[in-house]
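Here the structure comes first, spelled out in structure tokens, and everything after it is commentary.
The values are calculated or read from the model by the stated rules, or taken from the named source; none is laboratory data. Everything numeric in this text was worked out from a predicted model, so none of it was measured. Using ideal geometry, Cβ is built from the backbone for each residue, glycine included, and neighbour counts are taken over all protein chains shown.
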Amino acid sequence: MYLLGVLFLVLAAAPALAAEVTGYVESRTQYSRSRVHGLLPTDAQPEVQQILELNAQPRHEYRPGGFVAADLSLFLQGAWRYRGLDTEGQEVGVPVREASAARPFVSLSELYVSHEVVPALHLLAGKKRILWGTGWAYNPTDLLNPPKDPTDPTSQRVGAYMLRVEVPLEKFTFSLVASPAVLEQESGLPRALLVYPEWNALDHEAHYLLAARAYALVANADLNLMLFHSNLYRDDFEDKTQLGFSFSRYFFDDYELHVEALVGRGSARSYPTPGCLDSGEAAVDCFRRGEPLISQRRLEEKRLRPRILVGTRYQFSDESLLSAEYLYQADGLKRSEFQDVVSGLSLLSVARELGLDTEQVLEQLLGGTEAGLSQRFRFVPISRHYAFLTFQKPKIRDDFTVSASLIANLRDLSGLLAPSVAWSTTEWMTLTLSGFVPFSGPSSLAATVPATGEHVSEFELIPSSYRVLLQARLFY
Amino acid sequence: MKAFLLALVMVLVAGPALAGDPTAEELLQRYDEVMGPRTFEAESQMTAWREDGSSRTYELRMLKAEDDKSRIWFKSPASVKGQEILRVGDNLWVYLPSVKRATRMANRESFQGGDFNNADILRVSYSKDYTGKVVASDVPETWALELKAKSQETAYDAIKLWVRKSDGLPVKAQYFGTSGQMLRSAEFSDYVEFEKGYQRPAKVVMRNELVKSRRSEMVVKSLKRGVEVPAQRFTQTDLGR
């Protein structure tokens, strides 16, 4: 918070060469049909939601090459129609449990000062979104920022707190980044960075990420080589070093090819302990033996567990764009492990009926998310093989853009289809109508819920059967 | 002897005229010097007229350096403010403030959805990209040039260009695809002396020949040549700063 205060002071006190504010006002109206009979709880998820975002992006240039910038949003929201199951298993309306769902909150996406000492030396301090990887829907090397929405890669603007030193040269750039983890935050604003405060000292460790990047423009290709060293930064890796790489180039005029990879030993992912979640009795047995039901058993593993994304974009003569990407995660869940997750979720739903709080375990099983800008859809890939396909056709009757995104788990062939139509009604207003339809794969590839024998594939875990979203954005 | 004398007279008469005719290379170099000076900074306005008769206007700032480097900042309207385009040789990136990152793009993408494409704006180096020959002109007081692309990297397969005989400034152009179909045509007008001794058309109207009701108009409001800019302004990592 001290850093933020200093930045605000710089913003206010510096003599202005140029100061400006841009931004937008956006209304999002969403209807989501709750999957009340699914494995994940729906009683904290409204079916009808109205969000109003007031965004401001001030920028204040205090000298040539030096500026302070921010990206700040105030969200006002209303939520209605919460659905769940009664004791008989019948769908019923449930009272609002998440008081925060209707509370206004502030989200600080960026606030930083950027200072060019000389053209070949840049300094940056504050909260900033930087992305070095070349992936479009997903970035394996993005260890800094909160996860983005692969069905709408333009919707994520939240960055990370950092100090950055950058040496840009004509064909090379060298960057060093030090980022403290946000350990406590309220309404998107940090209350503790790097170490836990004394009044809530969960540990006494420093939580940070150090990153070094070398960029080169070689043979008309963008190449990035990255080195990360982290300690309890967004995951449970301690003193962990990982290597990153990315590449992007156009071939034959219109075919873009990109590769992005992160290589490190082990995985911070949580895995169910085999056999411990098959039934309530098995779980009790494991508990009695002192065996954890869920563990990070690959945390200290020496084996390399790369995450690799390969993708291409092609532009048709009518300017339509087709993007296809494939993601491989060596630490992703195998079929048997996904079966264990489904068994675990089945047990958790029983535990919830008994009144137990299962939220933390759920996050461990499915990957946590972070508070920030409310997104259309958050995606934490848990399996090994994914495909991302996006097709976009702009300039239909000048102002309409039709697009469709598909995310598919290539093991169980379940996925999510997200079509949308955007209409630029004027130079300052865009209306977008989007749909989100998860679909299941064949039963033979799906996991089975032990209690009911029901087949469940990954994208059937999403706690809504479909969603429709209408956005109206007014730029200023 | 009589024939020899006649031939001599013909050569003496025709000689000065032949020596005064510029070559295609010279005309192309002149075009490049006028339309894409070695280095410059310019403020421009582009208006795209659409099929329904409505229009969209964009304000932009452009910086050009040697070695095929150029960069554009969009200043208005608010929906595109902060967008940037960078070209370094055959490489083209777009920076979108909504994503806060730069991505590569193809040369042939249309420039901000208008009827110019990126190469029209960012790659004015006809003498490098095309071979040309002078042909008979159907426009009075102009030279006509037929240009043929040297490689497939260019935005057009062929261009027909008319330039004024008096000063070599462009008057109009037609742009053709590989099939030989005319894709676009341009009219150059409003000749302005932006600096002492440097005159160029301030207005270019690009018509879409495939959709006749579409056209885009680029008006250069100010232009300063010979600007000194650090090489770092033309790097992918500088986008968004």
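Residues in region A:277-301 that are over 18 Å from A:Ala351 (Cβ atoms), in a loop (DSSP other than H, G, I, E, B) and of a type in the set (S, T, N, Q): A:Gln296 alone. Being modelled with pLDDT of 95 or more, within 14 Å of chain B (Cβ to nearest Cβ) and not in a strand (DSSP E or B) holds for only one residue in A:Thr173, A:Thr154, A:Thr141, and it is A:Thr141. If you go through region B:102-129 and pick out every residue that is away from chain A (no Cβ under 14 Å), in contact with a strand residue (DSSP E or B) (Cβ under 9 Å, 6 or more places away or on another chain) and either at pLDDT 95 or above or in a loop (DSSP other than H, G, I, E, B) (or both), you end up with 1.
So is A:Phe228 in a loop (DSSP other than H, G, I, E, B) and modelled with pLDDT of 95 or more or not? So A:Phe228 does not fit the description; no. Within region B:216-223, is even one residue in a loop (DSSP other than H, G, I, E, B) and either in contact (Cβ under 8 Å) with a residue 12 or more places away in the chain or farther than 30 Å from A:Arg397 by Cβ (or both)? No, that holds for no residue.
Taking the condition modelled with pLDDT under 95 and outside any loop (DSSP other than H, G, I, E, B), does B:Arg184 pass? Against the criterion (modelled with pLDDT under 95 and outside any loop (DSSP other than H, G, I, E, B)), B:Arg184 qualifies.
Among the residues of region A:37-71, those identified as assigned to a strand (DSSP E or B), aliphatic (A, V, I, L, M) and closer than 30 Å to A:Thr358 by Cβ are A:Val48, A:Ile51. Candidates B:Val139, B:Val134, B:Val80: the one that is in a loop (DSSP other than H, G, I, E, B) and more than 14 Å from chain A (Cβ to nearest Cβ) is B:Val139.
A quick yes/no check of all residues on (1) buried (at least 19 other Cβ atoms within 10 Å of the Cβ); (2) aromatic (Phe, Trp, Tyr); (3) within 30 Å of B:Thr47 (Cβ to Cβ):
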position	(1), (2), (3)
A:Trp423	no, yes, yes
A:Leu431	no, no, yes
A:Gly435	no, no, no
A:Val449	no, no, no
A:Gly453	no, no, no
A:Val456	yes, no, no
A:Leu469	yes, no, no
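Within region A:412-465, being under 25 Å from A:Leu85 (Cα atoms) and of a type in the set (Phe, Trp, Tyr) holds for A:Phe436, A:Phe439, A:Phe459. Would you pick out the residues in region A:77-94 that are at pLDDT 90 or above and either buried (at least 18 other Cβ atoms within 10 Å of the Cβ) or farther than 30 Å from A:Leu354 by Cα (or both)? Listed by number, the residues that qualify are A:Tyr82, A:Arg83. Is it the case, given these coordinates, that A:Leu124 is within 14 Å of chain B (Cβ to nearest Cβ), in contact with a Ser or Thr (Cβ under 7 Å, 6 or more places away or on another chain) and part of a strand (DSSP E or B)? Considered against the rule, which asks whether it is within 14 Å of chain B (Cβ to nearest Cβ), in contact with a Ser or Thr (Cβ under 7 Å, 6 or more places away or on another chain) and part of a strand (DSSP E or B), A:Leu124 comes out as yes. Every test in (1) of a type outside the set (S, T, N, Q); (2) crowded, with 18+ Cβ neighbours inside 10 Å; (3) modelled with pLDDT of 90 or more is passed by A:Leu108 save one, and that test is (3).
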